[in-house]
Amino acid sequence: MLATLEKKFNVKPLTKRDAASPDFTGVVTLAKARTDDPLAKVKAPKSSTAPPPTQAGPDHLEQVYADSVARLPVADKKGHRPIQDPPKFAHGKDAMKWAHDHYKKWRETKS
């Protein structure tokens, strides 16, 4: 893109890479800008009306987030800081809530 502007406005290249790059002048050939709308009669396709598939449990990112937060050691009543596996989640929102709560406990008990 820079090479095109440099060529059009007769400006020296800013970098060596810039100087070696090809320009788009062969593609940009209009003497003046278009005033018509080439997409005026184009209709965008509509998505299907089928409901999104239901998923049992959290999606991959929600599970990874919960697994990562589970590695934060939260002190138990005896002051021990065991690393725990997260529970099994029925939904992604459950995983996110558990991860948020576990992180909050970790922040409150870390020293």
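Points to keep in mind about this one:
- Within straight-line cross-link reach of K16, aspartates and glutamates at Cα separation under 17 Å, skipping those fewer than 8 residues along the same chain: E6
- Spin-label pair A56/K41, simplified geometry with 7 Å Cα→Cβ offset, distance in nm: 5.2
- Counting only aspartates and glutamates at least 8 places from K12 when in the same chain, those with an alpha carbon closer than 20 Å to its own are D23.
- Lysine pairs in the range 49-111 whose alpha-carbon atoms fall under 21 angstrom of each other, counting only those eight or more residues apart or on distinct chains, come to 13.
- Against the chain, whose longest principal axis is taken from its Cα atoms, helix 60-70 shows a tilt of about 50°.
- Nearest-0.05 FRET efficiency for K88 and E108, computed from C-beta distance (R0 35 Å): 0.90
- Structure-based [θ]222 nm, the chain - -39500 (n - 2.57) summed over DSSP H runs of at least 4, per residue, nearest 500: -11000 deg cm²/dmol
- The range 60-109: C-alpha gyration tensor shape, a/c 1.5 cut-off, then a/b vs b/c: prolate
- Sites D76 and H100, calculated FRET efficiency, Cβ-Cβ separation with R0 22 Å, nearest 0.05: 0.70
- Angle between the chain longest axis and helix 92-109 axis [Cα atoms, degrees, rounded to 10]: 70
- In the range 1-55, Cα pairs under 8 Å separated by at least six residues give a relative contact order of 29 percent.
- Inter-part distance where the range 45-111 and the range 2-16 are each reduced to a Cα centre, Å: 51
Every read-out reported here was derived from the displayed coordinates using simple, explicitly stated rules and does not represent laboratory data. Treat the numbers as computed from the prediction; the structure is a model and nothing was measured. Every residue, glycine among them, receives a Cβ derived from its backbone with ideal geometry; neighbour counts consider all protein chains shown.
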